[in-house]
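One structure is given here, and the rest of the page talks about it.
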Amino acid sequence: MSEKLRYDPFGNQLHTGEGFRNKDHLYVYRYKDSTGKRCSIYAKDIYELRSKERDLLGIMKSISDVYNRGIITLNEAFDFYMGTKKSLRKTTIDNYHYTFDHFVRDRFGKKIVNQYKRTDILFFYRSLYDNRISIGTLDNIQTLIYPTFQMLVDDGILSFNPANNALKEFRKNHNLHHGIRHALTEEQETAFLDYVRNAPECALWRNLLIILFGTGMRIGECLGLLWDNIDFEERTITIDHSIVTLRESTIGCPYHISEPKTESGIRTIPMIDEVYNAFLDEYRRQEEAGWSNIAVEGITGFIFINKEDRLMNKQNVNRAIERIRIACNEHSLRSKDRNPVIIPHFSSHHIRHTFCSRLCENECNIKVIQSIMGQTDIRTTMEVYSEVSTRRLKESLKEHQEKLM
């Protein structure tokens, strides 16, 4: 079926993509750039518009020729690659751009793509690691560099991907591995929480830490909780969003409300008694002191507000955990106990691991654990979180030794 002919008010036939706006009498040409982004150009008359179209088509053909010949830098290729990722969440795109701009763009991304060798990438990772960049950050960089080069391979621009298995080889050559987040042992968890419950200096953080240890929520989920998410009558917590701290370059509010990546992230968690009491204590405290008016994207009613009437963030919580951990260890060493419990460094995400490990030690139904933790893939629950302590294994064998031998 042929396209219906269109005309402007002066009888000029309009081509595909062209239009005329009656409100300001401007001609417009709409098109998509090489990344798929919708763009427009404007002109006062049809002749000026057609001239701009010809110039634009020449520029786009030139860019296309440059791309097809591989005469683009890694920086430009990455920008093309990100232009294809329209379905990613805003915070994910922001993190990708931050990582690439912060670590790659100025120090490694300026060469033409066909000039990169595998050894270049290995030396790049070596230089970053020597500057105390963690293996986890290197992994994030690899997840951006590799698909960028792979896009060029798939398009026939390059014959091979120089980043293929580059980080894996780097780890092997330097005997490096991902840092493993170990759960606290039962003794360590008990010692830490006993100190949190009783030490006066822990008062500001007491309710938050008890809630984290008693629910296994992700830190963003917990800090993003609203009073509307708490049902005191049913003793349940509804998780349907999280709070994300935006990068420093973002202007305006430093926070963003993020929806769960999957449906399994939306869940209801029952409250154990101590968690219920912690929420109730926080409610009464704020009711007496006055409710906060902090708003993020029009949403108010946040639970965890610091003494400066600002939202708490992950970095503040982790710094508080470290201060309390050190104080707890010093208190333990000063005690008369011959075998003091020394707590290793841990973060808010270790608390999530710890909660799930306690569940795995006491709950046989893996689907129940998966539901409470809000994870999509059951393999994640089984592989990452089912770390059973050596003490538990010894106790099990001791308990059943007569049956085994």
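The values are calculated or read from the model by the stated rules, or taken from the named source; none is laboratory data. For clarity, every value in this text was computed on a predicted model and none was experimentally measured. FYI the Cβ positions are ideal-geometry reconstructions off the backbone, even for glycines, and counts take in every protein chain you see.
Return a yes/no flag: does the stretch 318-333 have any residue that is assigned by TED's automatic domain parsing to the domain that holds GLU233, at pLDDT 90 or above and closer than 23 Å to GLU233 by Cα.
There is no residue in the stretch 318-333 that is assigned by TED's automatic domain parsing to the domain that holds GLU233, at pLDDT 90 or above and closer than 23 Å to GLU233 by Cα.
Let's see how each residue does on (1) without any contact (Cβ under 8 Å) to a residue 40 or more places away in the chain; (2) assigned to a helix (DSSP H, G or I); (3) within 23 Å of the chain's Cα centre (by Cα):
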| position | (1), (2), (3) |
| --- | --- |
| LYS85 | yes, no, yes |
| HIS102 | yes, yes, yes |
| ASN114 | no, yes, no |
| TYR125 | no, yes, yes |
| LEU144 | no, yes, yes |
| GLN150 | yes, yes, no |
| ILE157 | no, no, no |
| PHE170 | no, yes, no |
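Exactly one condition in (1) more than 16 Å from ILE305 (Cβ to Cβ); (2) surrounded by 21 or more Cβ atoms within 10 Å (Cβ to Cβ); (3) touching a strand residue (DSSP E or B) at 6+ places or on another chain (Cβ under 8 Å) is false for PRO270; which is it?
Checking PRO270 against (1) more than 16 Å from ILE305 (Cβ to Cβ); (2) surrounded by 21 or more Cβ atoms within 10 Å (Cβ to Cβ); (3) touching a strand residue (DSSP E or B) at 6+ places or on another chain (Cβ under 8 Å), the one that fails is (2).
Quick check: anything in the stretch 32-39 at pLDDT 85 or above and in a strand (DSSP E or B)? Reasoning before the result, please.
Within the stretch 32-39, the subset at pLDDT 85 or above is none.
Taking every residue of the stretch 32-39 in turn, none turns out to be at pLDDT 85 or above and in a strand (DSSP E or B).
Given the structure, is ILE342 in contact with a Gly (Cβ under 9 Å, 6 or more places away or on another chain) and either closer than 19 Å to GLU187 by Cβ or in a loop (DSSP other than H, G, I, E, B) (or both)?
Details: in contact with a Gly (Cβ under 9 Å, 6 or more places away or on another chain): no; either closer than 19 Å to GLU187 by Cβ or in a loop (DSSP other than H, G, I, E, B) (or both): yes.
Answer is no for this residue.
Would you check if there is a residue in the stretch 367-383 being assigned to a loop (DSSP other than H, G, I, E, B) and surrounded by fewer than 18 Cβ atoms within 10 Å (Cβ to Cβ)?
Going residue by residue through the stretch 367-383, those that are assigned to a loop (DSSP other than H, G, I, E, B) are 374-377.
Cutting the leftovers down to surrounded by fewer than 18 Cβ atoms within 10 Å (Cβ to Cβ) gives us 376-377.
The answer is yes; a qualifying residue exists.
Tell me the residue from ILE133, ILE121, ILE157, ILE141 that is surrounded by 14 or more Cβ atoms within 10 Å (Cβ to Cβ), within 20 Å of THR92 (Cα to Cα) and among the aliphatic types (A, V, I, L, M), please.
Testing whether each residue is surrounded by 14 or more Cβ atoms within 10 Å (Cβ to Cβ), within 20 Å of THR92 (Cα to Cα) and among the aliphatic types (A, V, I, L, M) leaves just ILE141.
Which one of these does LYS52 not meet: (1) farther than 25 Å from ASN140 by Cα; (2) modelled with pLDDT under 80; (3) part of a helix (DSSP H, G or I)?
LYS52 satisfies every listed condition except (2).
So LEU193 fits all but one of (1) farther than 30 Å from ALA278 by Cα; (2) of a type outside the set (Lys, Arg); (3) free of Cβ contacts under 8 Å to residues at least 60 places away in the same chain; what number is the exception?
(1)
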